[in-house]
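Engineer: The structure that follows is given in the form of structure tokens.
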Amino acid sequence: DNGGSNLADDWKVLFNSQIGSDTNLPFVTLLAIDPMNSSNIYVVSAPSLYGSTNRGASWGSPLNAQSLTGEPTTLDVIPREPGVVWLGTSAGRIYTVDTRTRQATDVTGANLPNRWISKIKASPNARDTVYIAFSGYDLNSLNTTNGGNGRTGHIFRSTDRGQTWSDLSG
């Protein structure tokens, strides 16, 4: 916004219902600002992560070359490593995306439930530490005949960039 004005003409439009040539944004658009450089902002569409290095004045091509499993539901930027973004999806998948190499790495742990990830938060103090929160009910995760994978829990932490996950629930 431009100085707190409530006039529509004083607000900058970062993007409309599309970003890129044929990518629709979700109804609730996810946006993250790089805590080390506020000119860098990120937004996700159904298949892709997009970035702007000039506060949304322009947007480039997708920052992930690989497809994601599920719809993106949450994202966060690693504060101590510019250009690396954490993504969580509706399918319970967790990715790190290196925006410089356009490499998306699936770091979903074997002990995680396959439910919607409602929040992902990179630690502001430890570069490789991240916290994730799952929505849903543990009973649904235990019910393998209806799509659950038998794993439960709601809050998890990784201190090694997703190589292992600890259940902090309870």
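Engineer: Taking only C-alpha pairs under 8 Å that are 6+ residues apart, what is the relative contact order of the chain in percent? Numbers along the way, then the final one.
Structural biologist: Values: 398 pairs, mean separation 21.9, N = 170.
Result for the chain is 13 percent.
Engineer: Expressed in nm to one decimal, what extension gain is obtained for the pair N146 and T164 from 0.36 nm per residue of sequence separation less their Cα-Cα distance?
Structural biologist: Using 0.36 nm per residue and subtracting the Cα-Cα distance, I get 3.8 nm.
Engineer: Using only Cα positions of the chain, each an equal point scatterer, no hydration layer, compute I(q)/I(0) via Debye at q = 0.19 Å⁻¹ and quote the log10 values to two decimals.
Structural biologist: -1.20
Engineer: Using packing as a proxy for protection, rank 146-156, 89-99 so that the peptide with the highest average count of other Cβ atoms within 10 Å comes first. Could you put the intermediate results ahead of the total?
Structural biologist: Details: 146-156: 16.2, 89-99: 20.6.
The most tightly packed comes first, giving 89-99, 146-156.
Engineer: Would you mind telling me the share, in percent, of accessible area of the range 15-140 contributed by carbon and sulfur at probe 1.4 angstrom?
Structural biologist: Carbon and sulfur: 51 percent of the exposed surface of the range 15-140.
The values are calculated or read from the model by the stated rules, or taken from the named source; none is laboratory data. Since the model is a prediction, treat every value here as computed from it, not as a measurement. Cβ sites come from the backbone with ideal geometry, for glycine too, and all protein chains shown count toward neighbours. Only protein heavy atoms, including side chains, enter the accessible area calculation; ligands, DNA and RNA are left aside. Shrake-Rupley method; radii C 1.70, N 1.55, O 1.52, S 1.80 Å.
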